[in-house]
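Novice: For reference, the structure I am asking about is given below.
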Amino acid sequence: MGAMTDTASASASASASASGKIPVTVLTGYLGAGKTTLLNRILTGDHGKRYAVIVNEFGEIGIDNDLVVGADEDVFEMNNGCVCCTVRGDLIRVVNGLMKRQRPGKPAFDAIIVETTGLADPGPVAQTFFVDDEVKAKTQLDSVTALVDAKHVMARLDDSKEAREQVAFADRIILNKTDLVSEGELETVEARLRALNPLAPITRAQRANVPLDQVLGVHAFDLERISEVRPDFVNPPHGAEGHVHDEHCGHDHHHHDHDHGHEDHNHGPRGHAHEDDIKGIALSLDRPLDGQKFTAWLDRLLGEQGQNILRAKGIIDVKGEDRRLVFQAVHMILEGDLQKPWGEKERRWSRAVFIGRDLDEADLRAGFEACAA
Ligand SMILES: Nc1nc2c(ncn2[C@@H]2O[C@H](COP(=O)(O)OP(=O)(O)OP(=O)(O)O)[C@@H](O)[C@H]2O)c(=O)[nH]1
């Protein structure tokens, strides 16, 4: 699942509680909803707090990690993550490792933020903070906050169980990307969100510009309420540590077997799929790409297949350009810009991930590679 970086950060209200336990905020939300945008906002805030951040990876090629501000140092990766099963064990290890770090006289961090993968049910991640004794003794789940993409969420609530679970499970909902829809649409979305989760306050946002004290240090995680939604929350039926098989997990494993076939339950770079028709395709190339060819290819691809492409992102080595080209897409909405220069000793390579339905991997790979300069 993730990468950890101990970047300094965040809001004044969010520090170790009176109990001495470190507060943990879990960020959830469907692919492309704005989780990383919020995380970067937190990490660049002016508050003098020190945050440990645990983020997802899409797969072995590690894009997300590079998109988090300040993630250059002290990065600790776990890429094998299917949140519904293996990750809980990994998360316990990471959190325990974090808790062993010290600043003089106090823990190394004021709080921990976990960004879950966009295809995840946040339940098992939240569970981690209640089932492992060591973790339970030292941390306190502060809130599960769901980011929602105002433009795309209605379709996702129709077709994705994970999207519904993320909303239903949240203590707070950030209705993001309000710039992309009308007031009327916003009201329709809010009514739908409230029907799924009547208790969580909904905050509208653009570029995740919520006041940080609405996200951090809010003491919002309500175990009693969550236990009503999911009675097995603190007492998983198959109890084995780090590997909870609840009714959801069993269901998902079935799909994984379908998707991965012979991968021996190893969720590799391609197959991190929780819904049987969704798959992630990771592409990479160690030669520079022609910037114009690449942009034209991406535009055409999103134009033709944007309906099926839930999410795409990548870091591209463009020939003749010292800076890396970073692109992001959610369906047909594409953003790209040239970001920091490649380091002198850094491996220069192009990486991209496409997550969607009915994607033709061979075709994508051929199109990508044809952009080589
Ligand atoms: N128009 C618009 N775009 C936004 C807003 N917030 C984020 N974005 C863009 O939406 C895309 C996805 O944002 P991220 O923050 O990477 O989303 P994410 O939830 O971390 O995505 P995954 O990690 O892939 O699940 C990026 O291109 C953002 O720049 C917003 O309020 N309005």
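The values are calculated or read from the model by the stated rules, or taken from the named source; none is laboratory data. Predicted model only: the values in this text are computed from it and were never measured. All Cβ positions, even for glycine, are placed from backbone atoms using ideal geometry, and neighbour counts span all protein chains on display. Remember, those area values only see protein heavy atoms, side chains included, never the ligands or the DNA or RNA. Shrake-Rupley method; radii C 1.70, N 1.55, O 1.52, S 1.80 Å.
Novice: Scan the stretch 163-184 residue by residue and report those that are part of a helix (DSSP H, G or I) and touching a Gly at 6+ places or on another chain (Cβ under 8 Å).
Specialist: Taking the stretch 163-184 and keeping what is part of a helix (DSSP H, G or I), we get 163-169, 178-180, 183-184.
Once the filter is applied, which keeps residues that are part of a helix (DSSP H, G or I) and touching a Gly at 6+ places or on another chain (Cβ under 8 Å), the stretch 163-184 yields 165, 166, 169.
Novice: Tally the residues that are over 15 Å from residue 25 (Cβ atoms), part of a helix (DSSP H, G or I) and at pLDDT below 80, restricting the search to the stretch 98-136.
Specialist: Result for the stretch 98-136: 7.
Novice: Do we have any residue at all in the stretch 358-371 that's part of a strand (DSSP E or B), within 24 Å of the chain's Cα centre (by Cα) and in the same structural domain as residue 285 (by the TED database)? It would help to see each step written out before you state the result.
Specialist: In the first step, residues of the stretch 358-371 are kept if they are part of a strand (DSSP E or B); the result is none.
The answer is no, given that none of the residues of the stretch 358-371 is part of a strand (DSSP E or B), within 24 Å of the chain's Cα centre (by Cα) and in the same structural domain as residue 285 (by the TED database).
Novice: Take residue 280 and tell me if it is of a type outside the set (D, E, K, R), in contact with a His (Cβ under 9 Å, 6 or more places away or on another chain) and either in a strand (DSSP E or B) or without any contact (Cβ under 8 Å) to a residue 12 or more places away in the chain (or both). First the steps, then the outcome.
Specialist: Working: of a type outside the set (D, E, K, R): yes; in contact with a His (Cβ under 9 Å, 6 or more places away or on another chain): yes; either in a strand (DSSP E or B) or without any contact (Cβ under 8 Å) to a residue 12 or more places away in the chain (or both): yes.
So residue 280 fits the description; yes.
Novice: What's the number of the only condition in (1) surrounded by 24 or more Cβ atoms within 10 Å (Cβ to Cβ); (2) farther than 30 Å from residue 97 by Cβ that residue 142 fails to meet?
Specialist: Evaluating residue 142 over (1) surrounded by 24 or more Cβ atoms within 10 Å (Cβ to Cβ); (2) farther than 30 Å from residue 97 by Cβ leaves (2) as the failure.
Novice: Would you pick out the residues in the stretch 165-174 that are at pLDDT below 90 and of a type in the set (D, E, K, R)?
Specialist: 165, 171
Novice: Additional query: What number of residues in the stretch 162-190 are away from the ligand (no atom under 13 Å from the Cβ) and open to solvent by 60 Å² or more (accessible area, probe 1.4 Å)? Give the derivation first.
Specialist: The first filter runs over the stretch 162-190 and keeps only residues away from the ligand (no atom under 13 Å from the Cβ), leaving 164-165, 167-173, 182-185, 187-190.
Add one more test, that the residue is open to solvent by 60 Å² or more (accessible area, probe 1.4 Å), and what stays is 164, 183, 185, 187-188.
Result for the stretch 162-190: 5.
Novice: Then there's this: When you look at residue 134, is it of a type outside the set (S, T, N, Q), in contact (Cβ under 8 Å) with a residue 24 or more places away in the chain, more than 13 Å from the ligand (Cβ to nearest atom) and open to solvent by 60 Å² or more (accessible area, probe 1.4 Å), yes or no?
Specialist: Details: of a type outside the set (S, T, N, Q): yes; in contact (Cβ under 8 Å) with a residue 24 or more places away in the chain: yes; more than 13 Å from the ligand (Cβ to nearest atom): yes; open to solvent by 60 Å² or more (accessible area, probe 1.4 Å): yes.
It is true that residue 134 is of a type outside the set (S, T, N, Q), in contact (Cβ under 8 Å) with a residue 24 or more places away in the chain, more than 13 Å from the ligand (Cβ to nearest atom) and open to solvent by 60 Å² or more (accessible area, probe 1.4 Å).
Novice: Would a scan of the stretch 183-205 turn up a residue that is more than 27 Å from residue 20 (Cα to Cα) and under 19 Å from the mean Cα position of the chain (by Cα)?
Specialist: yes
Novice: Pairs only if they're at least six apart or on different chains, beta carbon under 8 angstrom, first in the stretch 331-347 and without any contact (Cβ under 8 Å) to a residue 12 or more places away in the chain, second within 12 Å of the ligand (Cβ to nearest atom); list them, first residue then second.
Specialist: 335/327; 335/328; 335/329
Novice: While we're looking at this one, here's another question. Consider residue 203 carefully, then state whether it is within 10 Å of the ligand (Cβ to nearest atom), polar (S, T, N, Q) and surrounded by 15 or more Cβ atoms within 10 Å (Cβ to Cβ).
Specialist: So residue 203 fails the test.
Novice: Assess whether residue 126 counts as being under 19 Å from residue 52 (Cα atoms), surrounded by fewer than 24 Cβ atoms within 10 Å (Cβ to Cβ) and assigned by the TED database to the domain that holds residue 209.
Specialist: Values: under 19 Å from residue 52 (Cα atoms): yes; surrounded by fewer than 24 Cβ atoms within 10 Å (Cβ to Cβ): no; assigned by the TED database to the domain that holds residue 209: yes.
The answer is no for residue 126.
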